[in-house]
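The values are calculated or read from the model by the stated rules, or taken from the named source; none is laboratory data. Everything quoted here is computed from the prediction, not taken from an experiment. Cβ: placed from backbone, ideal geometry, glycine included. Neighbour counts: every protein chain shown.
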Amino acid sequence: MLKHGILGLLNYGSMTGYEIDKTFRDSLSYFWKAQTSQIYRELHTLKNKGWASYEVISQEGKPDKKVFSITESGREELNHWLSEDRSEFIVRSSLLMKTFFRGERSIDENIRYFDNLKTDGESFLKGLMSSPPKTEDYSQMISDPVKAVYWKMTVGFGIMYARMYCDWAEKCKKELEDLKNEGFGD
């Protein structure tokens, strides 16, 4: 999936690995985490598959830089991936796995756990709320401003998801506080 995210970014225009990493952090990282090393490793995989190429640009007083571009076969792969009608609705969540087994921990510890989750969710939400201006910045870089509408849809999903996450964490915390008040978990 990371490879398709990188191909999608390269489809907007040629970029250095640094620019891809920065653009990824400013946009895709809200729903897909990738380390810088993963991005660079994937760039070389894309090149080896013939889906991306690069040009070495010499710089005076600085190391040479590689500017990556999507190839025609890379564009075909991106379009093939995008043409798949459905995405699997598979939930793989370490958060939910941990929640399922939280009964092994004390109620007080779990109250703190869910309080921390809510705080983390609020922080994530705050970052997402600053995202719309970034999508505007990036929409200026491409020739088709309609594509930015889809970026806004993705940010909108992220905002709704983060709000649900915070509400869920608060509800879990409240349920545990109610249990504690009823004398359980002392």
Yes/no for S53 being among the small types (G, A, S) and farther than 15 Å from G8 by Cβ: yes
Test: residue in segment 10-26 that is closer than 19 Å to G158 by Cβ, of a type in the set (S, T, N, Q) and modelled with pLDDT under 85: no
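A quick yes/no check of all residues on (1) in a helix (DSSP H, G or I); (2) surrounded by 10 or more Cβ atoms within 10 Å (Cβ to Cβ):
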residue: V56; (1), (2): no, no
residue: Q59; (1), (2): no, no
residue: P63; (1), (2): no, no
residue: K66; (1), (2): no, yes
residue: R75; (1), (2): yes, yes
residue: L82; (1), (2): yes, yes
residue: F89; (1), (2): no, no
residue: R92; (1), (2): no, no
Qualifying residue in segment 11-33 (condition: in a loop (DSSP other than H, G, I, E, B), exposed (fewer than 13 other Cβ atoms within 10 Å of the Cβ) and on the phi < 0 side of the Ramachandran plot): yes
Filtered residue count, segment 100-126, keeping only those that are surrounded by fewer than 13 Cβ atoms within 10 Å (Cβ to Cβ), part of a helix (DSSP H, G or I) and at pLDDT below 90: 4
Near pairs, Cβ below 8 angstrom, 6+ apart or cross-chain, from segment 35-62 (among the small types (G, A, S)) to any residue that is assigned to a strand (DSSP E or B) and buried (at least 16 other Cβ atoms within 10 Å of the Cβ): A52/F68; A52/I70; S53/F68
